[in-house]
Every structure is written in structure tokens, then in C-alpha cells.
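Here's the structure, in C-alpha cells; my notes come after.
Please treat every number below as a calculation from the coordinates, not as lab data. A quick note: this is a predicted structure, and the numbers were derived from the prediction, not measured. A quick note on method: Cβ atoms are made from the backbone with ideal geometry, for glycine too, and the neighbour counts reach across all protein chains shown.
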Amino acid sequence: MATAIIIGGGVTGLSTAYHLARRKFGKVIVLDKGPVGDGSSSRAAAIITGLLWTETGVLARKKSLELYRELSQELEGYTFQNVGALNLFVQESWPEREQLLPLYQRLGAPYEIVDAQEMRRRWPELRPGDDFVGLFDPLGGYSEPGQYIPALTRRCLQLGIEIREHRKVEEILIRSGRAAGVKTATGLIEGDAVVCTVYAWTRKVVECIGLQVPIKAFVHQRYTTTPLPLPVNIPAINANPLGGYIRPASGNRLLAGIETPEREEHRVSSTDFHLSELSAPEHLKETLMQKFVPLVPVLGETSWETEKVGLITFSLDGEPILGPVASLPGFYIGTAFHSGGFAYNPVSGMLLAQFVAEGRTSIDVSAFSPDRFSAKEGEAYLATTVAQRDSFRRRH
Ligand SMILES: Cc1cc2nc3c(=O)[nH]c(=O)nc-3n(C[C@H](O)[C@H](O)[C@H](O)COP(=O)(O)OP(=O)(O)OC[C@H]3O[C@@H](n4cnc5c(N)ncnc54)[C@H](O)[C@@H]3O)c2cc1C
């Protein structure tokens, strides 16, 4: 029986395991150095939109949105929140996005353009400025990580997947030029395929096999409010002109996040690094209120109850890195999902499982290939240290 080893039990790794088990691949083992969901997955805002920037991205997200709806039926205790996703722009930033409308039309990704007056009519709790343009994705929405991760984990266990927590992978085994398993503190685990879904830890984990993956990680933070007396009727909003986002959250709460453009990239220095070592500047809570109360006035009746800080990762060209690694047969990577790895996970897991089990995918994802960067450009990218404002700033 074939064995697949998945390093990393975030949403990408769990979803890969789920899709492999659905394909009756053989034995599937997920290893995480902490409990499942210990990385960025449990910290995500988990806003999901299909309106991305490239053909591959739009096609992949279209499938993700379909799969989220199926999972909502299949996973006990999980519901996809189909409130729609509203991407906001101002007159200066709109033309760039407007150019993508023919792509959305061609690929069948539905959208509506809504002006400020229409936004106020549809969502009375929303007060966009008159200069705002809204690109509404009627199929978008969000997931609560606290619901989705346990529900997907339970389903993986039901499907016979072995999930081994607190099992850090220290080395990747190579035999006869192929990935042949992994080494952990408690011993070797042999396998026919090794899938690396460790996101911000990728560079550290693949260092041992001399692989260079051109990704950078940035600190990112989001907050939830105290409960309101009633649910807030707004969609999941990517408020690009405000540098952040806001959505409803469980228990009549709101969830909002903001980027820190001036902050330098975070270099993960060891495989032992844990996200709890990160912190967010204290002033952000006040900044978020100042920026978002004019857009969603009811936010002013709350205070911040929780803060989650994690990492988001970006590749050299801003697109995910997903697929087999040509120089090491049997080894696969899924990483660099910018701030959209939660939105991608149903399809990124499906695509990785297809690569492993069938050697080809139902969507052409050559644009995400781990082999698309030359060694020279990868080295040059990694040699520089940049602030987030100077990297890609694609949201969700
Ligand atoms: C504040 C915040 C808000 C976000 N909002 C959104 C959003 O609205 N929408 C969206 O789509 N995305 C969002 N994201 C991004 C999203 O969280 C990530 O893209 C996604 O969770 C990546 O999932 P993953 O499984 O690839 O990685 P992770 O969830 O980071 O999982 C990697 C796992 O690998 C494990 N690991 C690491 N090293 C080893 C090792 N050596 N051995 C074994 N295990 C190891 C880690 O413990 C971890 O559990 C947000 C991120 C943050 C931080």
C-alpha cells in the first residue's frame, strides 16, 4: 500500500490528506510539530473571494467556492457563511481592477459593481464614502477557523487518516534520488510521497535538502469585538482603501484586520519558531477603530476582545507555489498563498492530492509550479529584506 506523508497540519495539509483519502490513495499520515491548526490557519480571518488577479487564481478559487459549499453539507459542525465578499476601491485604484472584469466574465466568476448609494441600500449598517466603488462577489463569504479546522480534522480521522501531533519533521529522507520519507525525533517514517505544507516554515524545512523556495513572510494581525445585541448584516469586506478588512463573526461579533505596511518581513530563523513569539503594535487597535467606525458605525459600540497574530507568505511573483518539485521526485510543496491560503485550501488540497495520486491536475496550475523561478532570481529575492509595502499586497 502506498504511503503519503504530509508535513504540516494546517488547512492546506488537512485538505490534502482529506482529498487523498477520498481518492483511496493508501495510507495517509499528517505530521504537525504542534497541534493541528497551530500555524496561521487558526489565526486567519478566513475571508473567501473568487475575484483574484490571474486566470489560474480565478479558476482555482471558483473550484474552492464550490468545494466550500459541499464541505458545508459534509462536515459536521461547519457552515460556510455565504454573506458575499465586497471588495472596495476608490476612484484611483478602481481602473486596475476594472481591467480584470473581462477575465471574470470569460471564466464565469460572477460579480456586481455597486456604487456607494447601492451599498448603503443593501447593507444599511454600511456607510461607504461617496467615492467608494464596490466589486461584489455574490459567491464569496467566510469560514470560522474555530469551526472549520476541528470539523475537517474529525472528517480526516473518520476517513482513516493518521494525524500525529507534536511530531516535528527534522529531515526529509532521500533514497535513489527520490523523497522516501521523513525523520522525526521519534524515528524515521517511510513513504512514497512527501507533501510539504508548512507555509511560513517552508524555507527552514526544505533547507536540509538544499532546496531554495523564494518566499517571504510578513506579520499580520486580526481582532474580534465584544458581542453586539444583534447580528450585523454586512458582507465580508476587503476594504482596500483602508488597508484592512471587516466581516461579521460568530456570536454577533465583528472581526477586523489590518496590515502593517511599514513592518519588515519576518525571517523564520529556526524550525522551532512558534507564532506566539510574534506581537502586534498596541496602537493598531485604536487605528482599526478610527479607520473602520466611519465605514461600519456599529463597530464603535464594541471594544476589541481577542487579538490573533500570525504570518502571511508571498512568493517572488505573488502567486502560490504548489506542485511537484522536479529535482526531487516524490516531493511536493504547497505554500505562498499570500493572505488567501484559507480561501484556497479546499482546492489547494485537491490539487496537491491530484498531483500525488494521479500525476496531473484537473485545473492547469503550471503558473503555480515550484520550478518556475530561476536559481538566480530566487537568490536575488531572498538576499533582500523588504517591508510589506514593497512586497505584493494582495488580499485574500
Ligand atoms: C491574521 C491573519 C489573517 C488572515 N486572513 C485570511 C483571510 O481572511 N483569508 C484567507 O484565505 N487567508 C487568510 N490568512 C492566511 C491564512 O491564514 C494562510 O494562508 C493559511 O492558513 C495557510 O495555511 P497552511 O496550512 O498552508 O499553513 P499553516 O496554517 O501555517 O500550517 C503550517 C503547519 O505546519 C506546521 N509545521 C511547521 N514546521 C513543521 C515541521 N518541521 N514539522 C511538522 N510540522 C510543522 C505548523 O505547526 C503549522 O501547523 C490570514 C493569516 C493571518 C495571519
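Summary table
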{"read-out": "Length gained when the stretch residue 186-residue 390 is fully extended (0.36 nm per residue, less Cα-Cα span)", "value": "69.3 nm"}
{"read-out": "Spin-label pair residue 380/residue 118, simplified geometry with 7 Å Cα→Cβ offset, distance in nm", "value": "4.3"}
{"read-out": "Ascending count of other beta-carbon atoms within 10 Å, so fewest first, for 348, 327", "value": "327, 348"}
{"read-out": "Whole-Hz ³J(HN,Hα) from phi, Karplus 6.51 cos²θ - 1.76 cosθ + 1.60, for the stretch 148-161, glycine and proline x", "value": "5, 5, x, 5, 5, 4, 4, 5, 4, 5, 4, 7, x, 6"}
{"read-out": "The stretch 222-320: proportion of alpha-carbon pairs further apart than 19 angstrom, %", "value": "48"}
{"read-out": "Per residue convex hull volume, Cα atoms of the stretch 128-230, in Å³", "value": "248"}
{"read-out": "Percent antiparallel among DSSP beta bridges (both partners in the stretch 3-390, rounded to 5)", "value": "75"}
{"read-out": "Fully extended contour minus Cα-Cα distance, from residue 282 to residue 107, at 0.36 nm per residue", "value": "58.7 nm"}
{"read-out": "Residue order, fewest to most beta carbons within 10 Å, for 289, 350, 1", "value": "1, 289, 350"}
{"read-out": "Extended-chain gain in nm, criterion 0.36 nm per residue less alpha-carbon gap, residue 293 and residue 178", "value": "35.9 nm"}
{"read-out": "Residue 270-residue 66 FRET efficiency (beta carbon distance; Förster radius 51 Å; 0.05 resolution)", "value": "0.85"}
{"read-out": "Diffusion coefficient, µm² s⁻¹, Stokes-Einstein with Kirkwood Rh over alpha-carbon pairs of the stretch 286-396 at 10 °C and 1.306 mPa s", "value": "95"}
{"read-out": "Reciprocal of mean inverse Cα separation for the stretch 260-316 (Kirkwood radius, Å)", "value": "14.0"}
{"read-out": "Ordering of 309-317, 276-284 by burial proxy (mean other Cβ atoms within 10 Å per residue, highest first)", "value": "309-317, 276-284"}
{"read-out": "Spin-label pair residue 154/residue 369, simplified geometry with 7 Å Cα→Cβ offset, distance in nm", "value": "4.2"}
{"read-out": "Computed label-point distance, nm, for sites residue 362 and residue 1 using a 7 Å Cα→Cβ extension", "value": "2.5"}
{"read-out": "Paramagnetic reach from residue 305 in the stretch 39-66 [backbone N under 19 Å; point 7 Å along Cα→Cβ]", "value": "42-47"}
{"read-out": "Debye log10 I(q)/I(0) for the chain, one point scatterer per Cα, at q = 0.09, 0.13 Å⁻¹", "value": "-0.50, -1.07"}
